[in-house]
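Notes follow once the structure below has been shown.
The values are calculated or read from the model by the stated rules, or taken from the named source; none is laboratory data. Note that the structure is predicted; figures quoted are calculated from it, not measured. Neighbour counts run over all protein chains shown; Cβ positions are idealised from the backbone, glycine included.
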């Protein structure tokens with residue numbers, strides 16, 4: 001579904017991604033793990049068109065999306081839930097969700113998707129008239145995800161959904177991620193919380209300073225001594 | 001009873017400031033630029049109204065509409081030519097460009113038509129009538145109602161339409177807006193179009209109310225409207241409306257107390273006080289980010 005080859009991305013003179021290659025197949029949950037500053041978020045931003053790559057290929061559903069503007073990538077079916085949620089805090093929950101469906105014109109389907117989002121996140125329904133800035137961190141994460149789902153994505157990019165959340169909320173969010181995946185959305189998940197990420201993922205890539213250092217089935221990565229030491233707290 | 005009249009004059013003046021201030025605040029809200037050429041769009045709007053009334057014989061409302069449409073296009077043109085390429089430049093570069101654009105428009109207009117002032121034609125019958133002992137002119141009523149209607153339309157656009165929601169989204173978080181599929185360039189252009197249309201309307205209203213227009217007429221009202229925008233909280237739409245009205249009323253009250261020479265000073269004293277004691281303005285608040 002998504003194939004990235006030899007991707008180079010720069011911030012000014014600093015190279016953030018150094019020849020990254022990876023692949024996401026339809027229906028999978030793929031996770032990218034790695035320390036702060038490894039380039040995980042940069043990769044997602046490049047995929048969603050916020051940053052232009054210097055070299056390399058990004059193929060999505062057999063056509064190149066490399067360097068295309070963000071709106072045509074959203075239109076093609078890739079939604080990105082950014083790090084730190086980035087909800088529009090001056091707008092209500094409903095307005096945020098409406099913006100998620102900004103490019104869609106199928107009013108009837110949009111209404112159905114509102115229901116779907118409220119079903120996935122009953123909390124959002126309770127708070128639908130509230131300004132999103134007044135929501136808790138976990139609720140904002142739900143809103144950011146719900147907003148992305150409103151675009152009806154085929155591929156969902158999630159950046160650090162567990163960041164700053166209480167363990168119980170993390171559990172809830174990850175259960176919902178699995179549910180979204182079961183309903184047919186492919187997921188590329190960036191996480192620092194490698195343990196939780198690998199527990200729901202099919203496959204994983206470990207990124208260090210802009211390069212993929214290890215990749216493989218999630219269970220294998222979770223069992224690997226090297227990764228345990230570096231990313232799973234050495235347990 | 002004279003006071004009622006002063007307040008009404010103040011509100012009329014204030015609503016002109018408010019219309020101009022809205023453009024300042026909307027543009028600032030979306031690209032963080034103080035568009036110092038905005039007062040000159042107001043002037044251009046006033047002249048378009050003038051020529052469409054005198055040369056083409058249009059009435060008040062068609063002239064108002066024409067001026068708004070032309071100014072909207074003019075605003076977009078300015079944005080596309082001068083500001084768009086500076087989107088990633090430093091803010092001071094954009095600010096200096098705005099001042100340059102302002103001078104270009106002022107002296108461009110002087111070059112084309114000369115610096116002589118014009119007397120705005122009487123398109124609106126000026127009848128005075130008594131309301132609780134205060135003399136109120138039909139022009140004041142007209143200015144007020146046009147301003148209020150335009151502000152209501154603006155609120156509807158910003159809160160109910162897709163482009164309005166896109167504008168609010170872009171002004172809040174450009175990258176997040178892009179991730180929604182919003183075309184940021186078009187949204188910024190739309191903001192310039194709406195803000196400039198309001199300035200055009202203010203120009204025509206100003207002409208009708210104060211009767212004298214000239215190519216440098218945008219400078220002082222432009223600065224005052226900027227003060228109004230800062231007073232209300234720059235970037236906040238209701239703030240610009242309230243800031244404009246407050247400033248207009250304060251100015252007329254200062255004049256009414258016999259200090260008419262201090263009128264302009266009052267506006268800038270307000271600016272200084274607000275910058276010292278409440279830089280975020282009446283409606284501004286320090287936003288906290290939740291992690």
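Matching residues to (1) at pLDDT 95 or above; (2) more than 14 Å from chain A (Cβ to nearest Cβ); (3) surrounded by fewer than 23 Cβ atoms within 10 Å (Cβ to Cβ):
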| position | (1), (2), (3) |
| --- | --- |
| B:117 | yes, yes, yes |
| B:138 | no, yes, yes |
| B:160 | no, no, yes |
| B:164 | yes, no, yes |
| B:186 | yes, no, yes |
| B:194 | yes, yes, no |
| B:214 | yes, yes, yes |
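Checked against (1) crowded, with 22+ Cβ neighbours inside 10 Å; (2) over 20 Å from residue A:24 (Cα atoms); (3) within 14 Å of chain B (Cβ to nearest Cβ), residue A:121 meets all criteria but (3). Scan segment A:123-151 for residues that are at pLDDT below 95 and either closer than 22 Å to residue A:71 by Cα or within 12 Å of the chain's Cα centre (by Cα) (or both) and jot them down. Of everything in segment A:123-151, nothing turns out to be at pLDDT below 95 and either closer than 22 Å to residue A:71 by Cα or within 12 Å of the chain's Cα centre (by Cα) (or both). In segment B:140-157, the qualifying residues are those that are within 16 Å of residue B:238 (Cβ to Cβ) and surrounded by 19 or more Cβ atoms within 10 Å (Cβ to Cβ), and the one that is nearest to the other protein chains (Cβ to nearest Cβ) is B:154. Identify, from the list A:30, A:9, A:74, A:4, the residue that is surrounded by 15 or more Cβ atoms within 10 Å (Cβ to Cβ) and not in a strand (DSSP E or B). The match here is A:74. Among the residues here, residue A:36 qualifies as over 25 Å from residue B:166 (Cα atoms) and either within 11 Å of chain B (Cβ to nearest Cβ) or outside any helix (DSSP H, G or I) (or both). Pick from segment A:92-111 the residues that are within 7 Å of chain B (Cβ to nearest Cβ) and in contact with a helix residue (DSSP H, G or I) (Cβ under 6 Å, 6 or more places away or on another chain): which of them is surrounded by the fewest Cβ atoms within 10 Å (Cβ to Cβ)? The qualifying residue surrounded by the fewest Cβ atoms within 10 Å (Cβ to Cβ) is A:103.
Within 14 Å of chain A (Cβ to nearest Cβ) and within 12 Å of the chain's Cα centre (by Cα): is that true of residue B:237 in this structure? Yes; evaluated as a whole, the condition is true for this residue. Restricting B:94, B:37, B:98 to those that are within 17 Å of residue B:234 (Cβ to Cβ), modelled with pLDDT under 95 and surrounded by 18 or more Cβ atoms within 10 Å (Cβ to Cβ) reduces the list to B:94.
For segment A:12-27, the set of residues classified as outside any loop (DSSP other than H, G, I, E, B) and touching a residue at least 60 places away in the same chain (Cβ under 8 Å) consists of A:15, A:16, A:17, A:18, A:19, A:20, A:21, A:22, A:24, listed by residue number. The set of residues from segment A:65-83 being more than 14 Å from residue B:182 (Cα to Cα) and facing another protein chain (nearest Cβ under 7 Å) comprises just one member, A:82.
Residues in segment A:12-27 that are on the phi > 0 side of the Ramachandran plot and surrounded by 14 or more Cβ atoms within 10 Å (Cβ to Cβ): A:19 alone.
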